[in-house]
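Only one structure is covered here, and it is reproduced in the block below.
Coordinate-derived values only; no laboratory data. Everything numeric here is computed off the predicted structure, so don't read it as measured data. All Cβ positions, even for glycine, are placed from backbone atoms using ideal geometry, and neighbour counts span all protein chains on display.
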Amino acid sequence: MSEIHVTDSQGVSKTIEYDSPSNLMELLKEADYEEVAAICGGSCSCATCHVWLNDPDQAAALFPDKESTESDLLELVDDFDKHKSRLSCQLTLEDHHSGLEIRLHKEGF
Ligand code: FES
């Protein structure tokens, strides 16, 4: 079993186990994080699934680059960070992502 470490908008940290492959947005929704509204259901059109990947170097090495649609949406969100911000619906977790640290923000924009 693989796991990620999630810190919510209140600063509370929790470890979540997952089976590979798992969509990160769906995993966060299943864990009842209200910061992840994901109102478009994962079609990359709302940006309400914004997360920070705490280690930008690790994130760059582990995930594909952002598509232009994801980049354009991310620039609209509060707390946008050029290196850390991703849309969780666009990220698939495999076994080699185990140990990833994620930070959530307040819901929506
Ligand atoms: S769920 Fe809407 S962009 Fe990710």
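A compact table of results
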| item | result |
| --- | --- |
| Whole-Hz couplings from phi, Karplus 6.51/-1.76/1.60, listed for region 8-18; x for Gly and Pro | 7, 5, 9, x, 8, 9, 8, 9, 10, 8, 8 |
| Convex hull projection area averaged over all views, region 2-104, Cα basis, nm² | 5.7 nm² |
| Full-stretch length increase - residue 67, residue 13 - with 0.36 nm per residue and alpha-carbon distance subtracted | 16.5 nm |
| The chain - charge dipole about Cα centre, Lys and Arg +1 at Cβ, Asp and Glu -1, debye rounded to 20 | 180 debye |
| Long-range amide H partners of residue 93 with built H, under 5 Å | 22, 23, 24 |
| Helical contribution to [θ] at 222 nm, DSSP H n ≥ 4, -39,500 (n - 2.57), averaged over the chain, rounded to 500 | -5000 deg cm²/dmol |
| Segments 87-94, 12-19, 71-78 sorted - mean Cβ within 10 Å per residue, highest first | 87-94, 71-78, 12-19 |
| By average C-beta atoms within 10 angstrom, highest first, the peptides 34-42, 62-70 | 34-42, 62-70 |
